[in-house]
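Asks: My questions will all concern the structure given below.
The values are calculated or read from the model by the stated rules, or taken from the named source; none is laboratory data. Just so it is clear, the structure is predicted and the values come from calculations on it, not from any experiment. Counting neighbours? That spans all protein chains shown, and the Cβs are built from the backbone with ideal geometry, glycine included. Surface accessibility is based on the protein's heavy atoms, side chains included, excluding ligands, DNA and RNA. Shrake-Rupley method; radii C 1.70, N 1.55, O 1.52, S 1.80 Å.
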Amino acid sequence: MGAGGSSADAEARRRNKEIERQSYADFKEESHKVKLLLLGAGESGKSTVLKQMKLLYGKGFDQREAEVRSFLTSIVTNMKALVDGTELYGALGDAAGLKADKAKLDDLVTSDRKKWKFPMGLKESLVKLWNDEGLQEVWANQRNMIQVQDNLEYFMKDIDRVFAQNYVPTESDWLRVRVRTSGVVREVFKLDGVEFHIWDVGGQRNERRKWIHVFDNVQALIFFGAINEYDQRLFENNQVNRIQEALELFETVANDEIFDEAGLILFLNKSDLYADKLNKSPIRYIDEKNPDNSRFPDFKGPYCPVGEPRDSKLWKECHDAGIDYFEQLFMNRNHKPSTKSIYSHVTCAMDQGNIDFVFGACKGIVLEKMLTDIGMIRK
């Protein structure tokens, strides 16, 4: 019996060692994988940053992803929204003369988008509408009230190239065109021997229910708050301020127990567009007649006067105060500041150097947390 027992013990030890070796191998393999989730409200810039990551760390710009039709569709739908907004908040300067041009847009957008056939003279009609004095007045002063993507100006400035018969979208075009993310998009990049699995999920309200199945085993998430949207309303609900919506969503994410072990990184995104509008539209706005139109009454300033030069000391002070204010609004939504750290960065999705620098910092944060979690670094 003694010999038999010794043999059984040896076999058990052998199996245990084999299990340990396999477990270590599995752990080693998994330790070189990072699951990173990109979250945020609609149009916060997640998909643009993911495109930048593909350029920086992945396969780069794939011409097959840049369907010409999507660029033309973007221009038409945004121009239609701008024309409608002009008629709501102002008036076309030459409404009678532009009647036929406006009709071309109306005919397109009321038909099945998959079957759109762009009519002859569409480019000329778009140019005439864009150059209308009344439309430009609304674009300059009331754009925030209209659901128009800011890439419209970029494409209209280069419309001859975009509408050319041999048009081939450039990398810059691809970065700027926006198609709302539906469902979940995954990209895999390898950086310094670590495999990053990055998930981008739709930010519109009706898309958020699709997030749940990608929540498991997330090492870190990046939340996008577009700070230029302080004076804009939701695409889904024109009564809700976009930053307020982002704050509520961030509060849900930051305090959900499913993310207790995940690193949380905040991107205060679209800093370029925030800077562009700061001396045109105030952060703090009080409408005594209609309080629902008021926004951020607790912002203490300093306030940026309309038309303040961007190279002035006051503009810089206002710019920095606004960023600090929005950052604190997000941080205040963290219910567990003693146990849940949030790392924030000011980002510009269109600035590749900025995204490269910031993601490098994020990578360090994520890897350090992973090492801490397995006991290789003491807290």
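Asks: Name the single residue, out of those in the stretch 129-142 being of a type outside the set (A, V, I, L, M) and in contact with a Gly (Cβ under 8 Å, 6 or more places away or on another chain), that is surrounded by the most Cβ atoms within 10 Å (Cβ to Cβ).
Replies: Per the stated criteria, the residue is 132.
Asks: Okay, moving on. Pick out the one residue from 74, 44, 70 that is part of a loop (DSSP other than H, G, I, E, B), more than 23 Å from residue 190 (Cβ to Cβ) and at pLDDT 70 or above.
Replies: 44
Asks: Quick check on residue 244: is it polar (S, T, N, Q) and surrounded by 13 or more Cβ atoms within 10 Å (Cβ to Cβ)?
Replies: For residue 244, the condition - polar (S, T, N, Q) and surrounded by 13 or more Cβ atoms within 10 Å (Cβ to Cβ) - is met.
One line per residue, one yes/no per condition, for (1) under 19 Å from the mean Cα position of the chain (by Cα); (2) part of a helix (DSSP H, G or I); (3) modelled with pLDDT of 90 or more:
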site	(1), (2), (3)
20	no, yes, no
83	no, yes, yes
87	no, yes, yes
95	no, no, yes
101	no, yes, yes
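Asks: Next up: For the stretch 302-324, give me each residue that is open to solvent by less than 30 Å² (accessible area, probe 1.4 Å) and assigned to a helix (DSSP H, G or I).
Replies: Once the filter is applied, which keeps residues that are open to solvent by less than 30 Å² (accessible area, probe 1.4 Å) and assigned to a helix (DSSP H, G or I), the stretch 302-324 yields 315, 318, 321, 322, 323.
Asks: What tally of residues in the stretch 67-125 results from selecting those that are touching a residue at least 24 places away in the same chain (Cβ under 8 Å), crowded, with 19+ Cβ neighbours inside 10 Å and touching a Gly at 6+ places or on another chain (Cβ under 8 Å)?
Replies: Here the count works out to 2.
Asks: Regarding the stretch 155-168, can at least one residue be identified that is hydrophobic (A, V, I, L, M, F, W, C), in a loop (DSSP other than H, G, I, E, B), modelled with pLDDT of 90 or more and surrounded by 15 or more Cβ atoms within 10 Å (Cβ to Cβ)?
Replies: Within the stretch 155-168, one or more residues are hydrophobic (A, V, I, L, M, F, W, C), in a loop (DSSP other than H, G, I, E, B), modelled with pLDDT of 90 or more and surrounded by 15 or more Cβ atoms within 10 Å (Cβ to Cβ).
Asks: Related question: Name the residues in the stretch 258-298 that are outside any strand (DSSP E or B), within 23 Å of residue 335 (Cβ to Cβ), under 24 Å from the mean Cα position of the chain (by Cα) and of a type outside the set (Gly, Ala, Ser), would you?
Replies: 258, 259, 260, 261, 296
Asks: Mind listing just one residue for me: the one in the stretch 325-352 that is aromatic (Phe, Trp, Tyr), open to solvent by less than 90 Å² (accessible area, probe 1.4 Å) and in contact with a Leu (Cβ under 8 Å, 6 or more places away or on another chain) and, of those, farthest from residue 40 (Cα to Cα)?
Replies: Restricting to residues being aromatic (Phe, Trp, Tyr), open to solvent by less than 90 Å² (accessible area, probe 1.4 Å) and in contact with a Leu (Cβ under 8 Å, 6 or more places away or on another chain), the top hit is 326.
Asks: If residue 60 passes every condition in (1) open to solvent by 20 Å² or more (accessible area, probe 1.4 Å); (2) at pLDDT below 90 but one, which one does it miss?
Replies: Of (1) open to solvent by 20 Å² or more (accessible area, probe 1.4 Å); (2) at pLDDT below 90, only one is false for residue 60: (1).
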